[in-house]
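Input: a single structure, listed below in structure tokens.
The values are calculated or read from the model by the stated rules, or taken from the named source; none is laboratory data. For clarity, every value in this text was computed on a predicted model and none was experimentally measured. Cβ placement follows ideal geometry from the backbone for every residue including glycine, while neighbour counts extend to all protein chains displayed.
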Amino acid sequence: MSLLLTHTKYRFLETIRVPIAVVGNTFFPSASMLFFVVPFAGDDPLVATLATGSMMTFSVMSTALFTHGLGVADDRAQPWDPYMRTLPAGPWPRFGSNILNGLIMTLLGILPVLVIAATLTEATVTPAQLLLGLGALLVASIPFTLIGLFVGYLLPAKAAIAVVQLVLLPMAVGGGLLMSPTDPPAFIAAVAPFLPTRGGAELVWAAVGGPAPRALPLVMLAVWTVVAGALAVWAYRRDEGRRFS
Amino acid sequence: METLARAIEVTRRYGSVTALDGVSLDIRRGELVGLLGPNGAGKSTLINLFAGLRRPHSGRVELFGGSPADPVRRRDIGVTPQETGLPSTLRVREVVDFVTAHYPRGAARGELLERFGLTGMERRQIGGLSGGQKRRLAVALAFAGNPRLVFLDEPTTGLDVEARRTLWDAVRDFHAGGGTVVLTSHYLEEVEALAERVVVVDRGRVLADDTVAAVRDIAGMRHVTLTAGELPDLPGVVRAERDGSRVLLLTADADALVRALVRADVPFTGLEIRPTSLEEAFLTITARESQAA
């Protein structure tokens, strides 16, 4: 346990010492808030709240994909990674610290969105809704964490960054995060339920006072989570076999 | 004498390349062993096996009587990271504390840094250190857990003379205090300066496992090349090769060989005598091995 915290501490230090990485992590969702949500939906409490939920989901996806996709691919390229395996610790402190650090970065990523929503829009939540919403964001981040790990263990860093970017935007737009939650264009309405984004987003919306989630997006969220989990485990084992057997 | 690490008939391949081919080696307590061999000889693979990073395809590797894959067995070893991999945004103090936190009885940071000439660098970011400082820090990390056995892979490659001496002194002090050291090098000089026992490795096989003096004798061979026709039997020739009209002779005593050549009154031109490189010494040992087989 103390080793897990030690690993997390130093991994976090490594991350925040590159400030541009932290800025990049928070930029898109915050910028989208400022450009799209504040001017167009800022005055209606429910619309602003749901749009804030969408941007937070976007932020959480982005952090999960980048932290794990790029982070793991980068780690694998560093000789420091095999060195750490010679230390007297199992693989869990390293793996766990990656997940914990991802969560910390996720929190850092949604914080500016939360601040913008609270100060510049009419968005409003009760403390219970806020907690529920954070829980829903956590669930929404799981498939993207697993996709990130899959990409990170499968590809070299340069390929991973491209793939992560290719995955992020279509998933966010296709899932309807940048549209009205209740009245999306026909194409998005047709595609969205089959993307992992939508199930997560509907959970977040429901948590903060929006409509109840529909069954299809939730089932697809579960399917994506299971499939991405299987792929992540496969890629992890494959990497272990190549580098450490 | 207690055996700390042991390889028994170990074979390890990477794809179609055989990195280790039936290697057996015992590392006993208090030894200072030099693994000597050219790049790609299998030295690093052997260390990776002992450190638990790789598994053998056949044979067995033991560390303190157990498997190196078991973290508990690795509590008493220390390994050097490649200095290019040190996390560049962390400070010296932080990376030492991080590594030390893994061991039940870690070294005191100040004292560890002093041993490796890094006093006063605690707050420096690793990315800002010179190559030599990074290398010394990397070697220092192998000692962070107060290990009983350290594996140092090419510890002084690229260091200037003074930094090399500092490092050698630290390794000698550790050994004098009862520590066991396995170091790899392709510098004969380094192995001569530090090691008592030399294991010569090439193409995945142990070619010689002997005292430093014995291996130095092999490496003390001379190459004698000359242009000549048919040569009579000459004394002390370990190996003879002909390349067109040039003849290459390998001998431990070049002076005696030249005197014998002159006495035999054979016509020759273009006499050259040069010391063998370590690599050629390995070849000598290989040649002997295949003759014996």
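Quick check on my filter: what residues within the range B:75-113 are within 7 Å of chain A (Cβ to nearest Cβ) and either without any contact (Cβ under 8 Å) to a residue 12 or more places away in the chain or over 22 Å from B:HIS175 (Cβ atoms) (or both)?
B:GLN82, B:THR84, B:GLY85, B:LEU86, B:PRO87, B:THR89, B:LEU90, B:GLU94, B:PHE98, B:ALA101, B:HIS102
Yes or no: the range B:36-48 includes at least one residue that is buried (at least 17 other Cβ atoms within 10 Å of the Cβ) and at the interface with chain A (Cβ under 10 Å from one of its Cβ atoms).
Within the range B:36-48, one or more residues are buried (at least 17 other Cβ atoms within 10 Å of the Cβ) and at the interface with chain A (Cβ under 10 Å from one of its Cβ atoms).
Can you tell me which residue in the range B:115-159 is surrounded by the most Cβ atoms within 10 Å (Cβ to Cβ), limited to those that are more than 13 Å from every other protein chain (Cβ to nearest Cβ) and of a type in the set (S, T, N, Q)?
B:THR156
Show the residue pairs meeting these rules: Cβ distance below 6 Å; 6+ apart or different chains; first residue within the range B:256-273 and touching a residue at least 12 places away in the same chain (Cβ under 8 Å) and under 17 Å from B:GLY236 (Cα atoms); second residue in a strand (DSSP E or B) and basic (Lys, Arg).
Correct list of pairs: B:ILE273/B:ARG222.
Okay, residues lined up against (1) at pLDDT 85 or above; (2) within 30 Å of B:ARG197 (Cβ to Cβ):
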site: B:ALA213; (1), (2): no, yes
site: B:ARG216; (1), (2): no, yes
site: B:ALA219; (1), (2): no, yes
site: B:LEU226; (1), (2): yes, no
site: B:PRO232; (1), (2): no, no
site: B:GLY236; (1), (2): no, yes
site: B:ASP243; (1), (2): yes, no
site: B:ARG246; (1), (2): yes, no
site: B:LEU249; (1), (2): yes, no
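Got a sec? Which of A:VAL38, A:VAL47, A:VAL60, A:VAL23 is among the aliphatic types (A, V, I, L, M), crowded, with 22+ Cβ neighbours inside 10 Å and more than 14 Å from every other protein chain (Cβ to nearest Cβ)?
A:VAL60
Which members of the range B:49-71 meet the condition of being charged (D, E, K, R) and away from every other protein chain (no Cβ under 13 Å)?
Result: B:ARG60, B:GLU62.
Residue check: is A:ARG198 farther than 20 Å from A:VAL37 by Cβ and among the charged types (D, E, K, R)?
no
Only one residue in A:LEU149, A:LEU177 is outside any helix (DSSP H, G or I) and not small (Gly, Ala, Ser), so which one is that?
When all the criteria are applied, what remains is A:LEU177.
Kindly indicate which of A:LEU216, A:LEU231, A:LEU134 is closer than 26 Å to A:LEU108 by Cβ and either of a type outside the set (Val, Ile, Thr) or modelled with pLDDT of 95 or more (or both).
A:LEU134
If B:VAL191 passes every condition in (1) under 13 Å from the mean Cα position of the chain (by Cα); (2) modelled with pLDDT under 85; (3) assigned to a loop (DSSP other than H, G, I, E, B) but one, which one does it miss?
(3) is the only condition that B:VAL191 fails.
So, in the range B:189-217, how many residues would count as being at negative phi and out of contact with any strand residue (DSSP E or B) (no Cβ under 7 Å at 6 or more places or on another chain)?
Adding up the residues that qualify gives 9.
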